[in-house]
Amino acid sequence: MFKFLKILIFLAIILALLYIGHGFILGKAGRYLYYADVMKPADVIVILAGEETERVEYGVQLFRDGWARKDKIILAGGPVVWKYTLASLMQEHAISLDIPKDAIILEDQSKTTEEDAIFTKKILDKHKYRSCILVTSPYHSRRAYTIFKKIMGEEITIISAPCNKSWFHFNDWWKRRDDRAMVLNEYSKFMWLWLFGTEKS
């Protein structure tokens, strides 16, 4: 009986600590999804499709600031409907922000982050680009970097540059439905990647 009581007290203490520290633990779990390198020039800027405007706008800002040595942006995103692709829609957005059309290369076949990396690598190899700045949203940055690093290998240097302004915020993410859904979705995809070594389609 005394041993059972000790176990109950121990469990109560653990639960109390988890309750008190859950904000710290969840905060760390959310921020694990974020990965950014120290910014430095690269041959090209690669912008992954997703979200409404934040990725293209941040990639364009980096381009204007002169971070792309070859003065090129690769827009990655595959078919949407009929003749339209995410890459073509991103191109329209970039051109509206005064990026010259001849500065844009479209990767318009991919449907997943893994395919983004596979098809982008073909473009990099074709043009003999050896480094890229990878632009995506903060919550997607570690998984995107992990996948690109795996596909690119040691041949191509990847500089992770998550958007500096995003609708998504890590602070208290578990209190907001959209942020909560995004973190849980990322962890489910990360888990699949860890278990099977490839991205869930």
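The residue pairs whose first member lies in the stretch 30-49 and is part of a loop (DSSP other than H, G, I, E, B), whose second member is β-branched (Val, Ile, Thr), and whose beta carbons are closer than 7 Å, counting only pairs six or more residues apart or on different chains, are Leu33/Val183; Asp37/Ile159; Met39/Ile159; Lys40/Ile159.
Name, by its number, the condition in (1) closer than 20 Å to Ile25 by Cβ; (2) open to solvent by 50 Å² or more (accessible area, probe 1.4 Å); (3) touching a helix residue (DSSP H, G or I) at 6+ places or on another chain (Cβ under 9 Å); (4) not in a loop (DSSP other than H, G, I, E, B) that does not hold for Trp174. Among (1) closer than 20 Å to Ile25 by Cβ; (2) open to solvent by 50 Å² or more (accessible area, probe 1.4 Å); (3) touching a helix residue (DSSP H, G or I) at 6+ places or on another chain (Cβ under 9 Å); (4) not in a loop (DSSP other than H, G, I, E, B), Trp174 violates only (2). With respect to the numbered conditions (1) of a type in the set (A, V, I, L, M, F, W, C); (2) in a loop (DSSP other than H, G, I, E, B); (3) within 17 Å of the chain's Cα centre (by Cα), which one is the sole condition not fulfilled by Ile99? Ile99 satisfies every listed condition except (3). Of all residues in the stretch 130-156, those that are among the acidic types (Asp, Glu) have Cβ atoms under 9 Å from Cβ atoms of residues that are open to solvent by less than 10 Å² (accessible area, probe 1.4 Å) and part of a helix (DSSP H, G or I), 6 or more apart or on another chain, in Glu155/Leu124. Of all residues in the stretch 181-199, how many are without any contact (Cβ under 8 Å) to a residue 60 or more places away in the chain and either loosely packed, with under 15 Cβ neighbours inside 10 Å or in contact with a Gly (Cβ under 7 Å, 6 or more places away or on another chain) (or both)? Residues that pass the stated criteria total 10.
Taking the criterion of being open to solvent by 70 Å² or more (accessible area, probe 1.4 Å), under 24 Å from Leu184 (Cα atoms), outside any strand (DSSP E or B) and modelled with pLDDT of 95 or more, would at least one residue in the stretch 51-68 satisfy it? Looking for residues that are open to solvent by 70 Å² or more (accessible area, probe 1.4 Å), under 24 Å from Leu184 (Cα atoms), outside any strand (DSSP E or B) and modelled with pLDDT of 95 or more, one finds none in the stretch 51-68, hence no. Evaluate the following for Phe119: is it closer than 21 Å to Lys189 by Cα, touching a strand residue (DSSP E or B) at 6+ places or on another chain (Cβ under 7 Å), in contact (Cβ under 8 Å) with a residue 12 or more places away in the chain and of a type outside the set (Lys, Arg)? So Phe119 fits the description; yes.
The values are calculated or read from the model by the stated rules, or taken from the named source; none is laboratory data. Predicted model, so just to flag it, every value in this text is computed and none were measured. So basically every Cβ, Gly included, is an ideal-geometry build from the backbone, and we count neighbours across all protein chains shown. Quick note on the areas: whole protein, heavy atoms, side chains included, nothing else; ligands and nucleic acids left out. Shrake-Rupley method; radii C 1.70, N 1.55, O 1.52, S 1.80 Å.
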